[in-house]
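Worksheet for the structure shown next.
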């Protein structure tokens, strides 16, 4: 894995508080990661207003990629929303009429579709260390 992408969705916070919350959540996640990484190389590469982003997201259908983390915006390995961390292995099931989309794609859709006027979304990258540096 070249990178691990994290989506953090905050709601009900002013932007400054949402940024601080996002940083704190990344610190929490860094302590729990099951692989070696360099926290100093974490990168925040996108911040968006959830209410405007949700207008660009259609119902999930089909499979946009081969891996379990695949979504229509690329691979997402972790999502934080509503006070909980999710991964592709531990997300709610897809609805019965899932349009051949995965449970992970449905979670992403639902998280984004439920965005309101005080929702901010943060995309972070975590860079795992190569095996030669992880020891």
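The values are calculated or read from the model by the stated rules, or taken from the named source; none is laboratory data. Values in this document were obtained by computation on a predicted structure and should not be read as measured data. Cβ sites come from the backbone with ideal geometry, for glycine too, and all protein chains shown count toward neighbours.
Would you pick out the residues in the range 13-62 that are under 24 Å from residue 118 (Cβ atoms), part of a loop (DSSP other than H, G, I, E, B) and out of contact with any helix residue (DSSP H, G or I) (no Cβ under 9 Å at 6 or more places or on another chain)?
Selection gives 14 alone.
How many residues, within the range 69-121, are surrounded by 14 or more Cβ atoms within 10 Å (Cβ to Cβ), in contact with a helix residue (DSSP H, G or I) (Cβ under 6 Å, 6 or more places away or on another chain), assigned to a loop (DSSP other than H, G, I, E, B) and free of Cβ contacts under 8 Å to residues at least 60 places away in the same chain?
Qualifying residue count for the region: 2.
Hey, can you tell me all the residues within the range 30-51 that are modelled with pLDDT of 85 or more, under 25 Å from residue 106 (Cβ atoms) and surrounded by 12 or more Cβ atoms within 10 Å (Cβ to Cβ)?
46, 47, 48, 49, 50, 51
With respect to residue 75, is the statement that it is modelled with pLDDT under 95 and under 27 Å from residue 13 (Cβ atoms) true? Talk me through it step by step, then tell me what you get.
Numbers: modelled with pLDDT under 95: yes; under 27 Å from residue 13 (Cβ atoms): yes.
Considered against the rule, which asks whether it is modelled with pLDDT under 95 and under 27 Å from residue 13 (Cβ atoms), residue 75 comes out as yes.
Against the condition within 16 Å of the chain's Cα centre (by Cα) and in contact (Cβ under 8 Å) with a residue 40 or more places away in the chain, how does residue 33 come out, does it pass?
So residue 33 passes the test.
Output the number of residues of the range 1-29 satisfying the condition of being loosely packed, with under 11 Cβ neighbours inside 10 Å and within 18 Å of residue 88 (Cβ to Cβ).
The number of residues fulfilling the criteria is 1.
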